[in-house]
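Student: One structure, as structure tokens, below. Some questions next.
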Amino acid sequence: MSALSQAPLSPAKLKYGDAVLEYLSPYFAQNWMLFAPTPLSEGRGIIARAECTNGTTSEFYDVSARSLQKAQTSRFFPSREVRLISGNIQQLSTNDEVLQRLRQNRKNDKKPELPLLPHEKVTEQQAIRFLSRYAADQMPNACDGKISRVQVRMYIRDLPPWSKRHDAEAKDKVKVRDFKWIDARVLR
């Protein structure tokens, strides 16, 4: 099972991948980032807003800032809360390299875009639901506690490359992705 989960994309992995992940997760999940970390080249985070039961909408609240600040204030024993956000953002923004190349080639050839595979859809839905629940918990004062729906916005800020660190004209790029509103009752 673990060999199939780590194998490159193949017909067998497409057919049995969901069953294998269901069997292995969460106890035997594998992440190779430990062995080949890459330096930070972007800043990621989420902001969220709430729709009140009276129909008004709150301002966006920076959900990532508080957990990041907690991690940075204690260098010897940092809070791991920030991993709750970063792990889910990574699930939403990182795809299988083969699928990514295939989608890019189809885009370059002006063919219809390859839809998300079933396991990609499930992973995305789980990450969005978690981030929405986390955001709702981080905004207790929004709507005086009477929240009917929550919307999460993910941002990825690509930093200028290290080679342009002295270039005053180098600008960062921000990618934003808004997710659908989720009913607060579903998040409890």
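The values are calculated or read from the model by the stated rules, or taken from the named source; none is laboratory data. Treat the numbers as computed from the prediction; the structure is a model and nothing was measured. Ideal geometry is used to build each Cβ from the backbone, glycine not excepted, and the neighbour counts take in all protein chains shown. Only protein heavy atoms, including side chains, enter the accessible area calculation; ligands, DNA and RNA are left aside. Shrake-Rupley method; radii C 1.70, N 1.55, O 1.52, S 1.80 Å.
Student: Restricting to region 88-99, count the residues that are more than 16 Å from the chain's Cα centre (by Cα) and open to solvent by 70 Å² or more (accessible area, probe 1.4 Å).
Tutor: 1
Student: In region 19-66, which residue that is of a type in the set (D, E, K, R) and modelled with pLDDT of 85 or more is farthest from A127 (Cα to Cα)?
Tutor: Here the residue is E59.
Student: While we're on this one: Please state which of the following conditions C143 fails to meet, knowing it meets all the rest: (1) on the phi > 0 side of the Ramachandran plot; (2) in contact with a Phe, Trp or Tyr (Cβ under 7 Å, 6 or more places away or on another chain).
Tutor: The one condition C143 does not meet is (2).
Student: Within region 166-188, which residues are assigned to a loop (DSSP other than H, G, I, E, B), closer than 15 Å to A50 by Cα and over 15 Å from the mean Cα position of the chain (by Cα)?
Tutor: W181, R188
Student: Separate question: If S163 satisfies every condition in (1) under 13 Å from the mean Cα position of the chain (by Cα); (2) over 27 Å from T53 (Cβ atoms); (3) assigned to a helix (DSSP H, G or I) but one, which is the exception?
Tutor: The single condition S163 does not satisfy is (1).
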